[in-house]
Amino acid sequence: MASKLILLDQDGVLADFEQGVRQLWQQTYQQPLPLKERRHFYLRDDMAPEFHRQLAQIYSSKGFFASLPPMQHGISAAKRLLEAGHDVRICTSPIQDYHYCVSEKFDWVCQHLGEDWMQRIILAKDKTWVRGDILIDDKPRISGSLVPQWQHWIYDQPYNRHQTELYRINWEQPETWSELLNN
């Protein structure tokens with residue numbers, strides 16, 4: 001396979017956003033996150049409205065994004081893709097309440113991938129503006145103001161399994177992304 005420009009989403013692909021929410025919720029409220037089943041991309045859509053304010057406080061709090069645990073095998077997968085000769089970039093979107101989010105996303109990359117990956121970060125509210133060959137993202141549908149130039153590969157999560165027409169990968173299942181390692 002020829003070298004590709006591979007865009008990796010950060011939250012839900014490299015960083016375990018949901019686990020971070022669960023951990024901080026437990027720590028803050030001394031009880032498990034009141035969430036039974038994941039069916040929607042946005043956590044708030046799977047939670048009762050009376051918890052929405054608390055949820056927003058969790059993921060907009062100082063330290064949240066910097067302390068997200070990495071996805072199982074995500075860091076090694078990103079490094080292996082780079083070693084295979086691909087141009088690998090982290091293409092991530094900040095949340096609306098971005099005050100801590102933006103700098104902490106950079107901190108997270110530096111901590112888990114190293115300082116040399118800082119130049120590989122692309123921060124964009126509209127990912128359709130970003131050029132690339134493949135975007136690996138957990139969001140089931142990505143829309144924006146342009147027709148994307150990349151092919152969307154979906155990173156497997158419970159809330160996106162209804163999306164069946166996209167190529168699905170999982171870092172824990174190397175056979176789902178091994179074709180990217182074969183040059």
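Overview of values
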read-out: Pick from region 45-76, criterion under 22 Å from residue 8 (Cα atoms) and in contact with a Leu (Cβ under 7 Å, 6 or more places away or on another chain), ranking: most open to solvent (accessible area, probe 1.4 Å); value: 70
read-out: Of all residues in region 131-149 being out of contact with any Cys (no Cβ under 9 Å at 6 or more places or on another chain), part of a loop (DSSP other than H, G, I, E, B) and open to solvent by less than 20 Å² (accessible area, probe 1.4 Å), the one that is nearest to residue 93 (Cα to Cα); value: 138
read-out: Index of the failed condition, residue 63 passing every other in (1) in contact with a His (Cβ under 7 Å, 6 or more places away or on another chain); (2) on the phi > 0 side of the Ramachandran plot; (3) not aliphatic (A, V, I, L, M); value: (1)
read-out: Where a residue in region 116-133 is basic (Lys, Arg) and its partner, wherever it lies, is outside any loop (DSSP other than H, G, I, E, B) and open to solvent by less than 40 Å² (accessible area, probe 1.4 Å), with Cβ under 6 Å and at least six apart; value: 120/90; 127/91
read-out: Any hit, region 87-94, residues being farther than 15 Å from residue 7 by Cβ and among the hydrophobic types (A, V, I, L, M, F, W, C); value: no
read-out: Condition met for residue 79 (among the basic types (Lys, Arg), closer than 26 Å to residue 59 by Cα and either assigned to a helix (DSSP H, G or I) or open to solvent by 20 Å² or more (accessible area, probe 1.4 Å) (or both)); value: no
read-out: Any chance residue 180 is surrounded by 15 or more Cβ atoms within 10 Å (Cβ to Cβ) and modelled with pLDDT under 95; value: yes
read-out: Region 1-30 residues that are open to solvent by less than 50 Å² (accessible area, probe 1.4 Å), paired with ones that are of a type in the set (Ser, Thr, Tyr) and in a loop (DSSP other than H, G, I, E, B) (beta carbon under 9 Å, 6 or more apart); value: 9/93; 10/93; 11/93; 24/61
read-out: Conditions (1) over 22 Å from residue 102 (Cβ atoms); (2) surrounded by fewer than 18 Cβ atoms within 10 Å (Cβ to Cβ); (3) of a type outside the set (Phe, Trp, Tyr); number of the one not met by residue 160; value: (2)
read-out: Filter result for residue 154 (without any contact (Cβ under 8 Å) to a residue 24 or more places away in the chain, closer than 21 Å to residue 68 by Cβ, within 13 Å of the chain's Cα centre (by Cα) and surrounded by 18 or more Cβ atoms within 10 Å (Cβ to Cβ)); value: yes
read-out: Any pair with Cβ under 6 angstrom, 6 or more apart, that starts in region 166-179 at a residue that is farther than 12 Å from residue 81 by Cα and ends at one that is part of a loop (DSSP other than H, G, I, E, B) and open to solvent by less than 40 Å² (accessible area, probe 1.4 Å); value: 168/156; 169/177; 170/156; 176/170
read-out: Total residues in region 77-102, condition without any contact (Cβ under 8 Å) to a residue 24 or more places away in the chain, farther than 19 Å from residue 43 by Cα and out of contact with any strand residue (DSSP E or B) (no Cβ under 9 Å at 6 or more places or on another chain); value: 1
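The values are calculated or read from the model by the stated rules, or taken from the named source; none is laboratory data. Fair warning: this is a prediction, and the values are worked out from it, not measured in the lab. No Cβ is skipped: glycine too gets one built from the backbone with ideal geometry, and neighbour counts run over all protein chains shown. Areas reflect the complete protein model, heavy atoms only, side chains present, ligands, DNA and RNA absent. Shrake-Rupley method; radii C 1.70, N 1.55, O 1.52, S 1.80 Å.
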